[in-house]
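The values are calculated or read from the model by the stated rules, or taken from the named source; none is laboratory data. All values derive from a computational prediction rather than experimental measurement. All Cβ positions, even for glycine, are placed from backbone atoms using ideal geometry, and neighbour counts span all protein chains on display.
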């Protein structure tokens with residue numbers, strides 16, 4: 001199955017998650033005044049957790065490919081499954097709440113027009129990367145579920 | 001299995017979803033000025049869909065209990081599964097974005113203190129009911145998945 005742990009597909013998926021989550025952390029963390037907004041702080045924390053988790057599993061995939069190990073034992077897949085579901089749900093909640101706040105700033109209370117020093121573009125970019133990271137994390141979570149169910 | 005379609009547990013779960021989602025729609029829809037905020041409009045739309053779906057399935061459960069019909073055929077469970085997952089994901093996204101905006105109003109930009117005419121308490125109550133509706137909807141979705149996987 002494409003994207004299973006210890007395969008090239010899995011490595012690419014994990015690397016994509018780590019890169020998107022890392023970009024989100026970098027862009028949001030370097031934005032002016034993000035710390036005044038709870039939703040953006042939560043997004044940063046959740047994406048930091050996501051990038052650490054994905055980076056760890058990407059390293060594990062790389063090691064398994066190099067050493068030709070098999071990572072699809074039920075106990076390992078269960079572990080990945082729980083971790084993937086927890087991080088995917090946290091990422092989705094963080095992305096949605098940050099998205100709600102970004103849309104509020106841009107369209108409803110017009111903070112972006114009223115306060116030009118507010119880096120709305122960066123907030124939007126970080127939220128977009130968070131949604132990308134979530135989409136890949138959800139793909140991984142579904143693949144893990146499938147592997148466990150079919151084993 | 002408790003909570004399967006056509007059982008008393010299923011009927012209680014569906015009625016709980018419909019009541020929580022309906023309360024959310026009622027409280028949010030009667031709040032002053034909710035229509036100025038995209039996140040609250042989306043919450044209203046998503047909860048209206050959730051309450052219609054849950055009410056329909058509650059009626060079906062009641063009919064099945066009265067007429068002693070079996071609703072656990074794979075084709076019916078697949079249909080309920082898809083509907084439950086779609087409504088649960090929409091409800092979760094709506095609840096999280098409304099929650100992000102409510103926390104922003106209350107703690108970050110202090111709109112609740114600055115504009116006392118803003119019914120923050122009602123927004124919070126509606127969001128809390130939305131999370132309750134989502135929790136019950138997610139329970140239903142997991143039960144459907146289990147039923148389909150074990151059939």
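Being in a helix (DSSP H, G or I) and away from chain A (no Cβ under 11 Å) is the filter; apply it to the range B:92-117 and report the residue that is surrounded by the most Cβ atoms within 10 Å (Cβ to Cβ). Among residues in the range B:92-117 that are in a helix (DSSP H, G or I) and away from chain A (no Cβ under 11 Å), the one surrounded by the most Cβ atoms within 10 Å (Cβ to Cβ) is B:112. If I ask for residues that are surrounded by fewer than 20 Cβ atoms within 10 Å (Cβ to Cβ) and touching a residue at least 60 places away in the same chain (Cβ under 8 Å), which ones from the range B:7-28 would you list? B:16, B:23 - these are the residues of the range B:7-28 that are surrounded by fewer than 20 Cβ atoms within 10 Å (Cβ to Cβ) and touching a residue at least 60 places away in the same chain (Cβ under 8 Å).
When A:40, A:34 are checked against the criterion of being surrounded by fewer than 23 Cβ atoms within 10 Å (Cβ to Cβ), within 14 Å of chain B (Cβ to nearest Cβ) and either modelled with pLDDT under 95 or on the phi < 0 side of the Ramachandran plot (or both), a single residue qualifies: A:34. For the range A:29-68, the tally of residues that are touching a residue at least 24 places away in the same chain (Cβ under 8 Å) and in contact with a helix residue (DSSP H, G or I) (Cβ under 7 Å, 6 or more places away or on another chain) stands at 21.
I'd like to check something: does the range B:58-77 contain any residue that is under 30 Å from residue B:111 (Cβ atoms) and not in a helix (DSSP H, G or I)? Checked the range B:58-77: no residue is under 30 Å from residue B:111 (Cβ atoms) and not in a helix (DSSP H, G or I).
Conditions (1) closer than 17 Å to residue B:12 by Cα; (2) within 14 Å of chain A (Cβ to nearest Cβ), marked per residue:
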residue	(1), (2)
B:66	yes, no
B:81	no, yes
B:87	no, no
B:134	yes, yes
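Per the conditions (1) within 13 Å of chain A (Cβ to nearest Cβ); (2) surrounded by fewer than 22 Cβ atoms within 10 Å (Cβ to Cβ); (3) within 30 Å of residue B:8 (Cα to Cα), the sole criterion not satisfied by residue B:130 is (2).
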